[in-house]
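Any read-out appearing in this document is the output of simple, stated calculations on the displayed coordinates, not a laboratory observation. Worth saying up front: this structure is predicted, and the values here are computed from it rather than measured. All Cβ positions, even for glycine, are placed from backbone atoms using ideal geometry, and neighbour counts span all protein chains on display.
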Amino acid sequence: MRRPKEYPPKKIQRPIEVTPDLRRKMQELFRQVDGWDDMPFEDEQDDSIQVTGLSGNRVRDTRRPIRITYIPPGTDRGTKWKLALHQPEIEDIGYGMITELNLYCCSDPECGFRSTLSDMTCSRCDWEDE
């Protein structure tokens with residue numbers, strides 16, 4: 001069984017380049033969604049965002065209401081980017097207006113976890129076996 005570490009390592013915020021793969025997926029996501037305000041909330045439907053390599057939901061957070069999990073190609077499932085975004089950011093990433101994201105990263109250089117939120121946990125670095 002796994003449990004959160006009592007003292008998880010600190011995350012380091014740094015600029016990360018938007019990959020061409022993420023850009024394409026954000027374009028696809030932006031084209032798929034007709035009405036962002038009509039998208040169900042996470043407590044109403046699991047993973048209402050479905051693009052290969054992306055999944056997520058709308059949450060009841062007005063600052064950045066779209067939560068997306070991105071798994072970069074060629075990585076294991078533990079390598080995730082957890083992104084909290086607003087609809088215009090998704091469009092700007094998809095169309096190349098945003099080329100870097102300031103993301104919180106694990107201090108272990110081998111870990112590929114990334115997040116826009118400082119309190120998101122990494123399954124590899126922030127949890128331990130009992």
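In order along region 94-104, phi translates into HN-Hα couplings of x, 9, x, 6, 9, 10, 9, 10, 7, 10, 7 Hz, rounded to whole numbers, per the Karplus curve 6.51 cos²θ - 1.76 cosθ + 1.60 with θ = phi - 60° and x for Gly and Pro. By the beta-carbon count within 10 Å of each Cβ, the least crowded to most crowded order of 21, 129, fewest first, is 129, 21. With pairing defined as another cysteine C-beta under 4.7 Å, the cysteines of the chain that fail it are 105. With each label modelled as a point 7 angstrom along the Cα→C-beta vector, the residue 119-residue 59 pair spans 0.9 nm. Rounded to the nearest 20 debye, the dipole size of the chain about its Cα centre is 360 debye, using +1 on the Cβ of Lys and Arg and -1 on the Cβ of Asp and Glu. Neighbour counting of Cβ atoms within 10 Å sorts the residues 110, 28, fewest neighbours leading, into 110, 28. Taken one residue at a time, the phi angles of region 19-27 give Karplus couplings (6.51, -1.76, 1.60, θ = phi - 60°) of 6, x, 5, 4, 4, 4, 5, 5, 4 Hz. Gly and Pro are set to x. Each semi-axis of the equivalent ellipsoid for the chain is √(5λ) with λ an eigenvalue of the Cα gyration tensor; in descending order they amount to 25, 17, 13 Å. Applying both filters, DSSP loop and at most 14 other Cβ atoms within 10 Å, to the trypsin sites (Lys or Arg not before Pro) of region 50-130 gives 60, 63, 77.
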